[in-house]
Amino acid sequence: MPFVLPEDYPQLEEALLGPVKQILPEILPCAEDAVSAHPFQGGEDTAQRRLRALLSSDVFRQYDDTRNGLLGTEFSTKLSAFLSQGCLTARQVHEGMKAYEDGTDSSLDSVEGYGEGENRGTKSLREELLWRDFMRLCSRKFKHKLFRLGGFKATYSKDEQPEKWKTPSRDTAPAGQEPGYEEVGRQLERFKSGTTGMGLIDASQRELLHTGYTSNRARQNVATFLAKHLSIDWRYGAEWYEMLLVDYDVCSNWGNWQYVAGVGLDPRGAARMFNPVKQAFDYDSKGEYVRTWVPEVAGLTRLENVFQAWTAPAEEVEAAGLSGNVMVTDPLKKIDFVVDKRPKGGRRPFPRPKNNRGRRPSTTADSPPEPAASPMPNGQPPTGPSHQRHNSRGYSNQGPNSYRGSYRGRGGNYRGGRGFPGGRGRGVPWGVRQAPFNGPPDGPLNGPPNGPPNGPPNGSSQPWPSNGGNTGGA
């Protein structure tokens, strides 16, 4: 069929989205009650209105307390896509906050905290904007290593596929890889479609697939799940985010995926790991987020079952219509997380909080802010590194709800991970999925995961520019 130039916006949108409608063999329909957390349109005028609305409300001041939210538009700034597309600059955001802090903009005099200097919220947001700039400087320094399997710290050549990382590529799979490359390919497909059986991961992946956005907290967990729980080549995840995020940014996305995968600038490397079940208890304490985006589990009553459907009793599985569902019969990962378990030794037990809510801890001076989102790519202005502290049994004394429980799965010693700033967008209408302009999801996007890229996209020999990009998920 010959190419037809779109005559209006609806036709343009259809032409742009056409290539991505079949990016997976099967795409589950969007949940009826699900609403995008990023419903904004693009453009400089819209960006300025959004910034003004944030300054005139309490969002900036409360940012440090709310940025780990999962549902709604106001838990974070949602400026990341405007920043990544060049509709807004970090300097404009800083100047707006400075006018509020210094009391030099009389139109903001009714906003709480006006003229009282920097507060926890504005301080945290500035740190995310700085993290965004830092990732650009790192990309200029390390250049093509941004796309290498071994990341900035690579100790092996670009043509090697260390046994640590599993791949769906027949050509690059290490000898004796378990599971085999075909099974890894099936796992990767389920990861993308949101049918892993891990509630928080599935909810985030479906939200991303249908809206082009997911929160910073969710991005960190998704990245950890792929890279550290499944040990699959992290670049497949970075590539997937590149294809779908409305706030995609090269430097923030790939740099933060490296960070979470343990091959980037995180000094703790592989030791930093999230327990997605405990994270769900901490940040989705009533199960609203998972039930919204994974409606199949909405009928389950206990949070343990909502977050891992395979743990539900057989009668509940049948009543919920989940009999035979792959999330129950064949979850990609099983984590033995027990609520109300008494720790060994003389430590104080942590009973399950009433009403599915845990104690909200106070912020300490030595607990740094959380970075942006995008790996991972982060969604808004960066939401700094996570600072949850978990001991070897998975107990955490931080987090919005600090749900207590015992973790007996792989890893232990779970700690927070730096968020993922998003980045330069594709120009696709916001609020909808973006098309893979450089190739199919499992094909090369600026350099295929199956054969580590040798340099910047499009074969350019020039270093990455330092401008552009967003702060992911903030």
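Each reported figure results from applying straightforward, stated rules to the coordinates on display, with no laboratory input. Everything numeric here is computed off the predicted structure, so don't read it as measured data. Positions of Cβ are generated from backbone atoms using ideal geometry, with glycine treated the same way; all protein chains shown enter the neighbour counts.
General remarks:
- Among 236-247, 180-191, the order from most to least packed when residues are scored by Cβ within 10 Å on average: 236-247, 180-191
- Cα centroid separation, segment 9-63 to segment 243-261: 18 Å.
- Contour excess over end-to-end distance, with Cα ends at Glu95 and Glu116 and 0.36 nm allotted per residue: 6.0 nm
- Order by protection proxy (mean Cβ within 10 Å, highest first), peptides 93-102, 29-38: 93-102, 29-38
- Here the gap between Glu26 and Lys123, fully extended at 0.36 nm per residue and compared with their Cα-Cα distance, gives a gain of 30.6 nm.
- Simple point charges give the picture: +1 on the Cβ of Lys and Arg, -1 on the Cβ of Asp and Glu, and for segment 207-291 a dipole about the Cα centre of about 360 debye.
- Label point at Ser107 placed 7 Å out along Cα→Cβ; residues across segment 34-69 whose backbone nitrogen lies under 15 Å: 45-57
- Report note on the peptides 316-329, 253-266: ranked by the mean count of other C-beta atoms within 10 Å, highest first, their order is 253-266, 316-329.
- Only Lys, Arg, Asp and Glu carry charge here, each on its Cβ (+1 for the first two, -1 for the last two); on that basis segment 1-109 has a dipole of about 260 debye about its Cα centre.
- Potential extension, Arg170-Asp58 segment - 0.36 nm per residue separation minus Cα distance: 35.1 nm
- FRET efficiency for the pair Asp33 and Glu178, taken as 1/(1 + (r/R0)^6) with r the Cβ-Cβ distance and R0 = 56 Å, rounds to 0.90.
- Relative frequency of Cα-Cα separations exceeding 19 Å in segment 181-301, percent: 44
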